[in-house]
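The values are calculated or read from the model by the stated rules, or taken from the named source; none is laboratory data. For clarity, every value in this text was computed on a predicted model and none was experimentally measured. Positions of Cβ are generated from backbone atoms using ideal geometry, with glycine treated the same way; all protein chains shown enter the neighbour counts.
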Amino acid sequence: MEANHHCIFCDNVPEGTTKPEHILLNALGGRKTTRKVICSDCNNRFGGTIDDALSAQVPIIRNLLQFESGTGKSPPMLRSLQSGKEKINIKSDGRPELVAPPFSVTKRPDGSAEINIMAQSEDEFRRIVPHIAAQLGITQEQLAVQMANAEAGIVEMRPDTVQHQISLGGPDALRSVVKSCLVLLATVAGNEALKADAFLASRNFVMNGGEEFNKTRICIDSREVPNADTLKRDYGSFYNLIYVRSDASGRVIGHFTLYNIISWQIVLAESCGPIEQTIALVSNPLDPVVWSDRIADDVDIPFDWLDTKDKAYELERARDRLIAMAKHHHNQSLETEIGRIVNDICAKRGVHNENDPIDSAKLKAIYAEATARLGAHAAGLPYEQKLSPEDLKKLLSS
């Protein structure tokens with residue numbers, strides 16, 4: 001095999017069985033892979049270290065904005081978050097759940113018992129009932145009779161505010177960022193070009209880290225890229241972008257934008273790299289199927305812009321992007337929760353689709369409950385609904 005097929009970080013030769021390397025990490029929504037640039041040994045080494053360091057910084061963002069991985073894996077669950085006085089998990093679909101036992105039984109002096117059940121659906125409620133019966137030492141039928149004759153109610157409450165801390169960047173995560181830029185460039189310039197001395201400092205930084213490279217060759221660049229409106233139109237407000245370009249002297253600059261929240265400029269080669277080469281990769285985290293490795297043909301970012309350092313208003317720009325992310329999450333979660341409440345109210349009254357008939361009495365009842373529940377949700381107050389014996393019997397027998 002020719003020398004330019006050697007791994008750009010070692011002397012191994014990638015082969016047909018080489019593990020595919022995600023140029024943009026799978027956790028970030030990347031779908032483009034290559035088996036020709038990095039060998040399996042280096043892939044495994046980076047995957048368990050520097051790639052993990054970058055991936056570990058984005059679970060909160062992925063969960064809040066519901067970003068799937070490049071291979072379609074759901075966002076990670078966020079566990080044991082402090083929400084007021086309670087602990088909650090935020091599930092992979094964005095729904096909160098209270099961190100508490102599914103039920104509790106408190107015996108009263110008069111021999112009766114108070115049962116509290118934590119359930120997010122009727123099906124979940126019915127799955128818990130047999131366990132309650134077992135703890136009380138009675139049959140499910142006996143429990144159903146007792147519960148049907150008891151006072152009961154459903155309490156629904158929005159979780160209290162959860163404080164999140166997001167940190168992006170850092171030495172190990174930036175090693176992964178630099179690796180992505182080098183691998184992307186190698187797909188067009190060839191492995192031999194990336195193994196040249198011009199990229200020695202960049203390769204060493206990826207392999208071993210280095211404070212000097214981090215300080216002198218990498219900087220945060222929060223400027224909005226040229227043609228950002230086109231990128232946002234075609235790839236969403238939170239696009240990922242890797243853009244690598246060189247000039248006539250072989251100076252090579254990489255620009256890595258993460259979720260359109262923060263960007264880094266990297267001097268991959270100070271000189272003597274491939275001449276006047278341009279390659280870019282863009283993805284839409286909201287819809288990972290939408291991506292392109294030909295975006296440089298449509299979106300031109302001049303070399304002079306890439307090679308300029310502009311730290312003016314750096315923190316303000318990053319803050320504005322985080323605020324935009326928070327607004328998107330708020331609007332998305334509010335729409336989802338309103339839909340859940342309305343669908344639940346309609347389903348209880350036998351309305352499952354828009355063609356189901358609704359008489360005036362049913363419509364009035366739907367409006368009344370929707371007003372009360374949505375009002376309580378907006379105010380962050382509990383909504384309590386008393387259950388009649390008939391409601392309980394129906395719930396237990398469904």
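Scanning region 273-317 for residues that are outside any helix (DSSP H, G or I), hydrophobic (A, V, I, L, M, F, W, C) and surrounded by 15 or more Cβ atoms within 10 Å (Cβ to Cβ) yields 279, 280, 281, 282, 286, 290, 291, 299, 301. Based on this model, can you work out whether residue 341 counts as within 19 Å of residue 153 (Cβ to Cβ) and either touching a Gly at 6+ places or on another chain (Cβ under 8 Å) or aliphatic (A, V, I, L, M) (or both)? Answer is yes for this residue. State which residue is farthest from residue 63 (Cα to Cα) when the search covers only region 89-118 and only residues that are in contact with a Pro (Cβ under 7 Å, 6 or more places away or on another chain) and not in a strand (DSSP E or B). Ranking the candidates gives 118 first. For residue 340, are the conditions met, namely being closer than 25 Å to residue 32 by Cβ and in a helix (DSSP H, G or I)? When the stated conditions are applied, residue 340 does not pass them. Does residue 174 satisfy the criteria of being under 17 Å from residue 24 (Cα atoms), in a helix (DSSP H, G or I) and at pLDDT 95 or above? So residue 174 fits the description; yes. Please verify whether region 256-264 includes one or more residues that are surrounded by fewer than 22 Cβ atoms within 10 Å (Cβ to Cβ), under 17 Å from the mean Cα position of the chain (by Cα) and either hydrophobic (A, V, I, L, M, F, W, C) or in a strand (DSSP E or B) (or both). For region 256-264, residues surrounded by fewer than 22 Cβ atoms within 10 Å (Cβ to Cβ), under 17 Å from the mean Cα position of the chain (by Cα) and either hydrophobic (A, V, I, L, M, F, W, C) or in a strand (DSSP E or B) (or both): present.
Scoring residue 227 on the criteria (1) at pLDDT 95 or above; (2) at positive phi; (3) surrounded by fewer than 20 Cβ atoms within 10 Å (Cβ to Cβ) leaves a single failure, condition (1). Applying the set (1) farther than 20 Å from residue 260 by Cα; (2) out of contact with any Lys or Arg (no Cβ under 6 Å at 6 or more places or on another chain); (3) β-branched (Val, Ile, Thr) to residue 206 leaves exactly one unmet item: (2). Applying the condition of being loosely packed, with under 11 Cβ neighbours inside 10 Å and assigned to a helix (DSSP H, G or I) to region 377-398 and asking which residue is modelled with the highest pLDDT yields 379. Could you check region 318-376 and list, in sequence order, the residues that are basic (Lys, Arg), under 30 Å from residue 264 (Cα atoms) and surrounded by 12 or more Cβ atoms within 10 Å (Cβ to Cβ)? Within region 318-376, 319, 321 qualify. Scanning region 343-359 for residues that are free of Cβ contacts under 8 Å to residues at least 24 places away in the same chain and either in a helix (DSSP H, G or I) or aliphatic (A, V, I, L, M) (or both) returns 343, 344, 346, 347, 348, 351, 358. The set of residues in region 58-79 being part of a strand (DSSP E or B) and either surrounded by 13 or more Cβ atoms within 10 Å (Cβ to Cβ) or modelled with pLDDT under 95 (or both) consists of 78 alone.
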